[in-house]
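First comes the structure, then the notes that go with it.
The values are calculated or read from the model by the stated rules, or taken from the named source; none is laboratory data. These numbers come from a predicted model, not from an experiment. Cβ placement follows ideal geometry from the backbone for every residue including glycine, while neighbour counts extend to all protein chains displayed. Each accessible area value is taken on the protein alone, full model and side chains, heavy atoms only, with ligands, DNA and RNA left out. Shrake-Rupley method; radii C 1.70, N 1.55, O 1.52, S 1.80 Å.
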Amino acid sequence: MLVRFSIRNFRSFRDEQTLTLEAGRQTTARRGRSFATGLKTAPMLLKGAVIYGANSGGKSNLVRAMSFLQLFVANSARSGQIGDVLDVDAYRLDPALLDEPSQFEIIFIVDRTTYQYGFAVDQQKIHHEWLYETAFEGRLRHIFSRDIRSDGNYDWYVNSRVRGERKLWQESTRPNALFLSVAVQLNSVEFQEPFEWLSGKFRVLLGQEQISQSVTSSICHAAEGKTSVLDILRSVDPGVCDVITTEEDFRESDLPEDLPNEVRTEVIKNMKGRKLYQAEIARRSINGDLVSFDMEDESTGTNILYNLAGPWLETLKRGYTLVIDELDSGLHPLALKALVSMFFDSSKNTSNAQLIITCHEATLLRENMLRSDQVWFIDKTPEAGSRLYPLSEFKPKQNESFLRGYLGGRYGGIPVTRSYHDA
């Protein structure tokens with residue numbers, strides 16, 4: 001479960017900015033938007049947050065920051081060499097920060113333990129890295145930290161209670177790799193829990209193009225999840241009668257002949273032994289017969305909704321934290337509302353899964369579907385870069401229309417537009 005995410009000196013973010021899913025004090029209205037953790041560190045957490053802002057305001061950069069952290073933790077130990085350039089960019093509009101590292105910190109909960117993990121990094125090396133944990137009873141423990149010295153070496157601290165080859169882990173960690181990742185690769189049991197959450201249960205998608213049909217099709221082929229997929233599709237398209245899937249083994253011979261050898265080798269490595277699925281949507285003809293349509297014959301919106309259905313159901317079932325940039329792209333507002341609402345339905349979200357999205361579609365603010373602490377805005381100024389802040393900062397009245405306030409400019413996060421007319 002995500003508690004907070006903070007960034008500093010990354011792309012359009014100059015000063016430190018924090019997104020929190022800690023629930024504020026709200027009235028009993030809009031039940032199902034938060035849940036109790038049973039922990040002193042974060043007693044109540046939100047099930048979702050929606051981030052609004054003008055184009056180029058910084059929404060995508062926030063998601064990129066989350067994606068960078070997630071992928072860096074997952075991959076830094078097993079890929080890369082000493083001297084490889086890291087894909088991280090400092091804030092460019094302040095010369096004083098160009099040579100300073102970008103900083104990332106995340107606080108999250110796994111099995112009643114709260115972890116605080118972060119690092120500061122530039123394109124060549126890690127400057128600082130740290131991990132703290134707070135146990136159920138509220139005791140804070142410093143697990144490890146590393147801080148770079150002027151000579152390029154590190155001052156290390158690893159808690160004496162950490163079991164395993166602590167010295168080997170330190171010596172095996174490249175300047176451009178994360179100690180957390182290396183220790184897990186070298187069989188650290190102590191760090192396995194936070195690593196698995198960050199690399200597998202914290203899921204960040206930079207856009208819908210990163211989502212394929214495979215997850216949804218495999219769920220439908222197994223039959224047990226097909227009903228739920230159909231429910232999602234029918235929420236905006238009642239004419240969908242069935243999803244028909246076929247399964248086949250991956251074959252190397254199906255790969256294009258002109259595929260570069262390096263790419264071919266990587267694809268074969270990742271796909272060997274896996275199943276491939278083809279899906280069709282079945283609709284009923286005027287005679288009552290079922291007629292199937294290839295997915296390419298369906299609309300863009302239906303394809304997007306179908307692709308999303310599998311990851312959506314998997315997230316809700318397993319209690320993941322899912323982050324998606326511009327979820328509303330290509331989706332009808334009613335489809336968007338139906339997807340987001342699933343996270344607030346206790347009969348569907350039984351594992352306290354969390355959803356964070358960026359979007360422009362303001363109808364989610366209609367009828368105050370969201371709590372004020374679930375709505376966030378990003379504005380950018382030439383002096384300070386992107387600023388992230390919640391609607392709750394404005395202390396809206398109980399019956400205040402969030403939609404009217406947003407479109408009227410009260411909360412910011414909207415573009416400054418220019419009107420054009422005939423001369």
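Scattering from the range 305-423 was approximated by placing one identical point on each alpha carbon and applying the Debye formula without solvent; log10 I(q)/I(0) at 0.14, 0.15, 0.23 1/Å stands at -0.70, -0.79, -1.40. Close amide H partners of Phe10, meaning residues 5 or more places away or on another chain with modelled amide H under 5 Å apart, are Tyr91. Leu255 exposes around 30 Å² of accessible area when a 1.4 Å probe is run over every protein chain in place. So for the range 31-145, considering every pair of alpha-carbon atoms, how many percent are separated by more than 24 Å? When all Cα pairs of the range 31-145 are counted, 43 percent exceed 24 Å.
If DNA, RNA and ligands are ignored and the probe is 1.4 Å, what is the ranking of Lys226, Lys317 by accessible area, most exposed first?
On the way: Lys226 50, Lys317 130 Å².
The ranking, largest first, comes out as Lys317, Lys226.
Rg then Dmax, both in Å and based on the Cα atoms of the range 213-339: 16.5, 52. Exceedance of the 31 Å cut-off in Cα-Cα distance is limited, within the set Lys40/Lys380; Lys167/Lys275; Lys59/Lys167; Lys125/Lys395; Lys59/Lys317; Lys40/Lys125, to Lys40/Lys380; Lys167/Lys275; Lys59/Lys167; Lys125/Lys395; Lys40/Lys125.
222 nm [θ] for the chain, helices only, -39500 (n - 2.57) per DSSP H run of 4+, per residue, to 500? Please list the in-between numbers first.
Working: 10 runs with 99 residues, N = 423.
Using -39500 (n - 2.57) per qualifying helix, the result is -7000 deg cm²/dmol.
How much length, in nm to one decimal, is gained on full extension between Glu16 and Ile244, taken as 0.36 nm per residue of separation minus their Cα-Cα distance?
Values: separation 228, 0.36 × 228 = 82.08 nm, distance 4.88 nm.
Value of the extension gain: 77.2 nm.
Within the full protein context, the accessible area of Met342 is estimated at about 20 Å² for a probe radius of 1.4 Å.
Counting every pair of alpha carbons in the range 150-296, the share spaced more than 27 Å apart comes to 53 percent. The value obtained for the range 96-168, namely the Cα convex hull volume divided by the number of residues, is 124 Å³ per residue.
Note down the magnitude of the dipole of the range 1-157 about its Cα centre, charges +1 on Lys and Arg C-beta and -1 on Asp and Glu C-beta and zero elsewhere, to the nearest 20 debye. All intermediate terms of the calculation are to be shown ahead of the outcome.
On the way: 20 positive and 18 negative charges, 208 e Å.
For the range 1-157, the charge dipole is close to 1000 debye.
Kindly identify the range 33-82 as rounded, prolate or oblate by the Cα gyration tensor criterion: order the square roots of the eigenvalues as a ≥ b ≥ c, call it rounded if a/c is under 1.5, otherwise compare a/b with b/c, prolate if a/b is larger, else oblate. In terms of gyration-tensor shape, oblate.
Quote the FRET efficiency, to the nearest 0.05, computed for Ala222 versus Thr113 with a Förster distance R0 of 30 Å and r equal to the Cβ-Cβ distance.
On the way: r = 33 Å, r/R0 = 1.10.
That gives a FRET efficiency of 0.35.
A simple spin-label model places pseudo-atoms 7 Å from Cα toward Cβ; at Ser341 and Asp297 they are separated by 3.0 nm. Once you reduce the range 86-107 and the range 120-138 to the center of their Cα atoms, the two points are 16 Å from each other.
Of all the stretches in the chain, which is the longest one without any exposed loop site, taking GluC sites (Glu not before Pro) in a DSSP loop (any state but H, G, I, E, B) with at most 10 other Cβ atoms within 10 Å? Free of exposed loop sites, the longest segment is 1-136. Taking a point 7 Å from the Cα of Thr350 along the Cα-to-Cβ direction, the residues of the range 290-323 with backbone N closer than 20 Å to it are 309-322. How much of the DSSP beta bridge set in the range 261-361 is antiparallel, as a percent to the nearest 5? DSSP beta bridges in the range 261-361 are roughly 55 percent antiparallel. Using a Gaussian network model of the chain with C-alpha springs under 10 Å, which one of Lys348, Lys337, Lys397 is most mobile by mean-square fluctuation? Evaluated over the chain, the most mobile residue of the options is Lys397. The share of alpha-carbon pairs in the chain lying farther apart than 43 Å comes to 18%. Length gained on full extension, Arg404 to Leu259, computed as 0.36 nm times the residue gap minus the Cα-Cα distance: 47.0 nm.
Over the range 290-423, what is the percentage of antiparallel beta bridges among all DSSP beta bridges, to the nearest 5? Of the beta bridges lying entirely in the range 290-423, close to 60 percent run antiparallel.
With charges only on Cβ, +1 for K and R and -1 for D and E, what is the dipole size of the chain about its Cα centre, in debye, rounded to 20? Spell out each step's value before the answer.
Working: 50 positive and 56 negative charges, 384 e Å.
Charge dipole, the chain, about its Cα centre: 1840 debye, nearest 20.
Summarising the overall dimensions of the range 1-77 from its C-alpha atoms, the Rg and Dmax are 14.9, 46 angstrom.
Given in Å, the Rg to one decimal and the Dmax to the nearest whole number for the Cα atoms of the range 56-206 are 15.5, 46. Backbone phi angles across the range 115-124, fed through the Karplus curve with coefficients 6.51, -1.76 and 1.60 (θ = phi - 60°), yield HN-Hα couplings of 10, 10, 10, x, 7, 10, 8, 10, 6, 10 Hz in residue order; Gly and Pro are listed as x.
By DSSP, the beta bridges lying fully in the chain are antiparallel in about 80 percent of cases.
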